[in-house]
Amino acid sequence: MSQLNSLKIPFFLGVFSLLLSSCFKDVDFEQAQDIQLAPDLEVDLLYYTLTEPDFFDSETIAYTPVIRDTVRLEFLDDDYIQDGLTYTEFRFKHENRFPYLIKSKIRFLSENDRTQFSVNYDIPGGSAQVPAIIDTIHVVEGGDIRKVKRSIKMLVELEVIGGGKDMDGDLDFLSKGLFKFEF
């Protein structure tokens with residue numbers, strides 16, 4: 001029995017060395033310059049919850065049906081992103097518990113506030129028991145990707161249609177960006 005065990009060790013070493021040498025046999029290290037990396041980056045862009053007081057001016061207590069917020073997308077100004085960006089997928093999700101229709105306008109702006117592209121849609125009225133949920137995907141690729149590269153700001157504008165002093169409910173907003181690169 002001990003003779004069988006002593007034969008196993010050289011056998012396994014032989015098989016291992018055969019496998020090791022055959023794995024690297026056909027590798028051409030000259031092709032290293034042809035390697036392309038295609039990483040993905042997922043980023044939270046903007047998220048918030050609006051409630052009744054957000055639609056009233058804090059000083060005058062006057063009802064304001066339009067709310068705007070701008071966020072800078074500084075990461076888009078990076079040289080690696082500018083050179084390698086090939087595809088972008090934006091996701092915008094609203095959950096409306098206000099009983100009113102809300103018009104959503106999302107604009108991507110250049111440094112000098114020129115609109116590069118927009119994503120506009122209506123959010124139906126909902127309730128606390130049955131919120132209206134709008135989940136929108138906007139894809140930018142091909143020649144249009146230059147519009148994303150020129151964008152540095154995202155302006156979100158919401159307009160409540162038919163609201164007033166009896167605003168009751170809330171509105172949740174979530175936005176994400178999926179960015180694909182090729183280097």
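The values are calculated or read from the model by the stated rules, or taken from the named source; none is laboratory data. As the structure is a prediction and not an experimental result, all values here were calculated from the model. As a convention, Cβ positions derive from the backbone with ideal geometry for all residues, glycine included, and neighbour counts pool all protein chains shown.
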- Message: Could you check the stretch 49-64 and list, in sequence order, the residues that are surrounded by 13 or more Cβ atoms within 10 Å (Cβ to Cβ) and either over 21 Å from F173 (Cα atoms) or of a type in the set (F, W, Y) (or both)?
- Response: F55, F56, Y63
- Query: in contact with a helix residue (DSSP H, G or I) (Cβ under 9 Å, 6 or more places away or on another chain) and either part of a strand (DSSP E or B) or modelled with pLDDT under 95 (or both) - does that describe any residue in the stretch 92-108?
  - Reply: yes
- Note on the structure: Here the qualifying pairs (Cβ atoms under 8 Å; residues six or more apart or on different chains; first in the stretch 100-119 and more than 30 Å from G164 (Cα to Cα) and touching a residue at least 24 places away in the same chain (Cβ under 8 Å); second of a type in the set (G, A, S) and surrounded by fewer than 16 Cβ atoms within 10 Å (Cβ to Cβ)) come out as Q116/S110
- Enumeration of residues in the stretch 88-114 that are charged (D, E, K, R) and surrounded by 15 or more Cβ atoms within 10 Å (Cβ to Cβ): E89, R91, K93, E95, R97, K103, K105, R107
- Message: Yes or no: the stretch 143-160 includes at least one residue that is closer than 16 Å to L178 by Cα, free of Cβ contacts under 8 Å to residues at least 40 places away in the same chain and of a type in the set (A, V, I, L, M, F, W, C).
- Response: no
- Can you pull out the residues in the stretch 65-87 that are part of a loop (DSSP other than H, G, I, E, B) and surrounded by 13 or more Cβ atoms within 10 Å (Cβ to Cβ)? P65, L73
- First in the stretch 42-64 and free of Cβ contacts under 8 Å to residues at least 12 places away in the same chain, second anywhere and exposed (fewer than 12 other Cβ atoms within 10 Å of the Cβ) and of a type in the set (D, E, K, R), Cβ under 7 Å, 6 or more apart: T64/D57
- Please work out if V140 is of a type in the set (A, V, I, L, M), crowded, with 16+ Cβ neighbours inside 10 Å and in contact (Cβ under 8 Å) with a residue 24 or more places away in the chain. yes
